[in-house]
Each structure stands twice: as C-alpha cells, then as structure tokens.
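This report refers to the structure that appears directly beneath it.
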Amino acid sequence: MPAPVDRGESRRAANARKRISRRPSRLGNPAGTSASLDRGRRTDAGFPALLTRTWHRAEQAGDLRAAVEILLTLDGHVPADVQLRALSRHDEAALRALFGLTWRDDDQAAPLGPPSAAAETQDEDTSRDEERTFLGEIALSTSGRIVLRGPSQAPLQRERVAGGTLRVPWSQQALHRYRQELSRTAARQTEAVADCRRWLAEQGAKGRDELLEQAKEAAQRTAPFVLYRGDDQYTNFRDRNTLTGKTLWPGHPDCALSSLHGVPLDLWSDSDVELVVGLSLLIASSGFGRVEEANGTQLTIDHVASMLEHIRGGYNEILPAPGVAPAASAQVTDLMALAENLCERRPEVGASAQLYREIHGALMHKIERVAGPFAGAAQETEVAICRDLRARLPFTGTTLAELGDEIVRTPAWLTAPHGDLGTGLESLVHHAVTAVGSALRADFAMSRGIRSLPALITAMRDEQWEQICAWDITHYFCCVVPLPDAARHFGGSIAAVADTAWAMSSRMQYNSWHFVPGNLPRDRSVVARDHFVPPTIPDISLYSDQHHHGHVNNKVRFSIRSPQAVTVDGRQFNGFLDLRLLRCEGPAFTEQDLLAAHRVSRLVAAATTAAAQLAAAGEHIEVTAFDSPWHWRQITGTEPGTPAGAGPS
C-alpha cells in the first residue's frame, strides 16, 4: 500500500512520487516514458463499431422486416422492447403502421391487423410499384436509435446516422394506418401533458422547485443516462450534456432542470413538463437508481406508467395477496400513489426474494428483476466454492452461511496473519475471490474494500467528514484474480494480464472512493464531493464493452456485480464492498451464477463487519496486500522489475 502523503513532504516531492508508474510491468519507472503503447485501441471495439456492424448486417438481410429486427436489437445486443420504447411519436406510429411493431401491451386502440406491404421483401415491394405511394427511409442513429422518414418529413441527415439508410415503400394502406396512429398518439400525448401541468400546478412554486432539486441531484448522483422526449434528448453523458452530471455542475445554465427554476409553469415546454413529472414518478418508486431503468427510452407518462405496472406485476408474484393494487387511472396523481406504494413494499419483496438488475450495456439500459429460487446450478457452485475455501482456510462449514457464522464466532482470526498475508481478512478476500472465479469460470474475479478500518472509525468519531472525503484511492484496495488461462484474451502475454488486473484494481478503488461519501451525513464537504448513491442490489451486465473506455480496452464484456453493506461503528455503509466477476467473451453469466456470487460477497461482508467491530474495540487491522507489486507476483510468479517468465498466468 502506498503510504499516505506525509504532511512534511514538499509539493515537488509529492508530484515526483505521483509521476512514478504503478503499472506492474513498469513499476518504479517514470510514467509516460515508454517508447510505445502496450496495446493500441482496437478499431473493431466499442459502440461506434457495434453500430457499424449492425448496419452492415441489416443491409445484408435482404428482407426489410429482418433488417428492422436486426436494427431493433442492435444485432442481438439489446431487447427489441428497449428500442421500441426509444421511438419518437412519429417514428413509433410509422413502425407500427408499416410493420405492426409496438411496445404497448394494453393499447385501447383497435387492432391494426396484419403488417402492410412494407413488411414483405424488398423484391416483392419493387414488383408492385403501382401500390407504392411514398418512398421513405429507415436508419440507425449514431446514438443507437432507429429513425424513420415519414410523409412530409425531410430526408434523414447522413451525418447523424450510422452507415446509410434503407428505402421503405409506403402503400395507401400504410399511410392510412399512420394517420390513425398519429391521431391516437397525439390525443394521448395532449391529454398526458395537460394532466402533468395540472399536477405540477398543484405542487405550487415551492413544490416545483423541490422537484427540480431532487431531479438535479438524481442526475448528479447516478451513472450516465440518456433519456428522450420526442426528438429532445436529456443526458448527463452523450453529445452535448443537457443535465447536471460530470460536465455540468449543479445550477449550470445549460442544465435543462436548472434553467426551469423560477420560470412560470406556462413557459415550460411540454418536453420539460413530462421530464420533471416522469423523473419524479421514477424516483418516488425506488430512489435515484430507478432513473437508469428508463435509460435510452422515451420519458413519457404512458411509458412510465407501463414501467410501474411491469414492476407491480413482478412484486405481486412475491407479495402475499392482494399485493400492490394497480393505479386507479393513468393520471399522475394515481401513478404517484402507485409509485409510492411500490417503494413502500419493495423492502418486503427484497426480504423474500433477490432483487437484481439486468444491464444491457449497449444502451446502458437497466431492468429490475425478481430472481427465482436458489436452485441446482447455484447450489452446485456453492458446494465447489465451500470445498475450495475449506481447503485453504481453517473452517469446516459446508455452506457459505455456515462458514460466515464460524468466522463471526471466531473473529480474532481476522486480525492475525494467515499464510503469506498479513491478516486473516486479507486471506479470506483473496481465497473467496479465487474460489468463486474458478467455480464460475470468470476470466477475472475481484473484491474491493477499505485499507484501514481503524482510520475510518477514528475519523467518524471525530466527525471528520471532510477528511474522509479527502482520502484518495490509495486508502482503498481491490484484490483481482485472473483465471490461469486469461492470457488467451491478451495475445498470450502474462504481463498484459497483470497490467489489466491492476487497471481493474485501480478502477475498483475509485469505485470505493466514489461510494463511501454517499453514506456520510450531508455535511457541506460531503455534498460538494463528487459521489454516487451507493448500490444496494446486484446486477448482471451484458455487452458492457461498449461505452466505458476501461471496459472496452480491458474486454469487460459480461459481468456480475454483487455489492454489500457493512456496518462500521454503528453506521451502515451501503456498497462498502462488492464482488465482481467478468468474462471477456461468452457465454453470459446467468441468474443462478449471480445468486451464488451474491452469497460469496455476503460472506466477505459479514467478515468485514466482524473486523470493523474488532477495530471499534481497539484492535489494529490494516489491509496492506493487493497493491501493484502483489498483483505482479501473484499473476506472473516473478518479482517486480523482472520480465514475466513461466510463472502462473
């Protein structure tokens, strides 16, 4: 562990120390002095490359409907439902009129019947020129949305689409359907906006300002998201930011929410009205995290109502009858009552079943799921993990719960040296990560935490919140263990695996740094400090190697994240640690994999809580392992500063 900065250290010395590379293969060398890059950025990786491949596949499909299905799923990378929910009002009407495709489960409109002639092959359409009334276009935007050109609309802008466009013939039948759909959606939207304005008016000027503040904090304290309302885009992530986030500070005049403060309601645009109400409903249903479940879609009231109803259905499969009642109507007042009811009953659901999120990385879209029972596959994984841990640790439990109980009953073991590590806690972390990574065939497995529990306890007792916020990432750790054959993803280079593991470790230290302040009192220094709301439920990510540069460069394609709370001196820290598993290529992890991994992270959390109790009673415990030299030795089998030889990979 790098020593904290000495108060007597000069600025020049401190800066010189920071310029020394901590990358395992270059340990001790000045950063930035390498003659060449270890790995060039791949041109076939990331989101732009995915869009290009998707477009080429659609072009080659031959059949127009098959091409549309490829575009809707980004060639199998996202559920079609997500893309359907991203369509603007005109594009939604066009896609339904042409192909009979819609996300709406309970539409009051009359059935539209079979798809129009546009759903047939392009060759068949060409042979019926006499039926063609209008020749439109369909394309994939650079943000990943399907866009269409309908009647009386300008040609699609080539600079805003990925690849090119496909021509779409419109028959008289399709035009008739389109007019019907536009009429219905326009009436639905007019009614929804009027209801939103009535509800916002009832909140009064003070209430609206409070809603704006809440929405701004949600944008600031959650991961990047992109929301649409018609053709308007609201984002703290892509293109020009329009919401508070990493680019726009709270109160920035370019933030759409900040710019509404003090503005009379009748001057708010319809898009802004639905944005504020939609965000308020989502937050009321489960806090800031729920906003990400609308990521990449239209934030309209009917869409939010559909989301809440879907969540209600999942909860009612777990809750005793009668469960959560449906919204009495589609009006905001009744939807807000449903959202608040869902929030109130959510802990009850979580106590009976495991909630988790399924993340579709290409569009950063998250879906809350209610997991099924801990069944055969997860049980077999647990047996394998426990067998491995019994062989490496002085415990005899046959389940992870039994092992946790043993550790909590004999916590002194956590502070004593074990094997080649300074404490039992470090040994448990290392062996737990190794065991679960091996059992689930993860290319990399890891777990993070804080290095000094005593330092955290002392700062908390002295209410030194600013000091805790000032700690840098070296006050945290992450143990990363690759599979023995992980080098196959990195050209067979063991050194590249060590460097990748350390890059992951550093990023996970940053995540601890990012989450810990979210558990502290809302002191001025805490509010001012960049942090996210700590995670409380696990997730499975699919194709997460699209946007995040670290994920792209280090081939983080499929992953599991299992965050856990730890109690330190009477204060609960959500997301204090987590267990992560990742694969550089398929297959994706399953729900049963997640359930098994979550039990492992719960074991590590129980041990960390026990260690915190010892630290609160005066025991000294520090995590000194899992730094750059440790990762090099563990992965290459050689000492830092020597070439990676024939050691374990």
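Counting neighbouring Cβ atoms within 10 Å and putting the fewest first, the residues H620, H56 line up as H620, H56.
Compute the long axis of helix 270-286 from its Cα atoms, compare it with the longest principal axis of the Cα atoms of the chain, and write down the angle in degrees, 0 to 90, nearest 10. Here the helix axis deviates by roughly 40 degrees. The dipole here belongs to the range 198-355: it is taken about the Cα centre, uses +1 on the Cβ of Lys and Arg and -1 on the Cβ of Asp and Glu, and is about 360 debye. Considering only T297, A49, V68, the residue lying farthest towards the positive end of the dipole of the chain is A49, judged by Cα position with unit charges set on Cβ. Of the residues K555, K216, K246, the one with the fewest other Cβ atoms within 10 Å heads the list, and the complete ranking is K246, K555, K216. When you restrict to C-alpha pairs under 8 Å that are six or more residues apart and normalise by the size of the range 198-355, the relative contact order lands at 20 percent. So what is the calculated 222 nm ellipticity per residue for the chain, using -39500 (n - 2.57) for each DSSP H run with n of 4 or more, over all residues, to the nearest 500 deg cm²/dmol? Helix-only estimate at 222 nm: -14000 deg cm²/dmol. Measure nothing fancy, just the Cα-based angle from helix 591-616's long axis to the longest principal axis of the chain, in degrees from 0 to 90, nearest 10. It is inclined by approximately 40 degrees. Shown for I621, I450: other C-beta atoms within 10 Å of each C-beta, ranked fewest to most, produce the order I621, I450. Rounded to the nearest 20, the Cβ-based charge dipole of the chain about its Cα centre (Lys and Arg +1, Asp and Glu -1) stands at 1840 debye.
For the chain, the spread of Cα positions along the three principal axes, ordered from largest to smallest, is 82, 56, 55 Å. Dividing the mean sequence gap of close Cα pairs (under 8 Å, 6+ apart) by how many residues the chain holds gives a relative contact order of 13 percent. Ordering A605, Q354, G424 by Cα displacement along the dipole of the chain toward the positive end leaves G424 in first place; charges were set at the Cβ atoms of Lys, Arg (+1) and Asp, Glu (-1). Compute the long axis of helix 301-316 from its Cα atoms, compare it with the longest principal axis of the Cα atoms of the chain, and write down the angle in degrees, 0 to 90, nearest 10. Once rounded, the angle reads 50 degrees. For the range 198-355, the calculated P(r), taken from all Cα-Cα distances in 5 Å bins from zero up to the bin holding the longest distance, is 1, 9, 19, 21, 20, 14, 9, 5, 2, 0 percent.
Reachable aspartates and glutamates from K366, Cα under 19 Å, same-chain residues fewer than 8 places away excluded? List returned: D75, D81, E292, E293, D302, E309, E358, D539, D545, D578, E591, D593.
No lab work stands behind these numbers, since they all come straight from the coordinates. Predicted model, so just to flag it, every value in this text is computed and none were measured. Backbone-built Cβ (ideal geometry, glycine too); neighbour counts: all protein chains shown.
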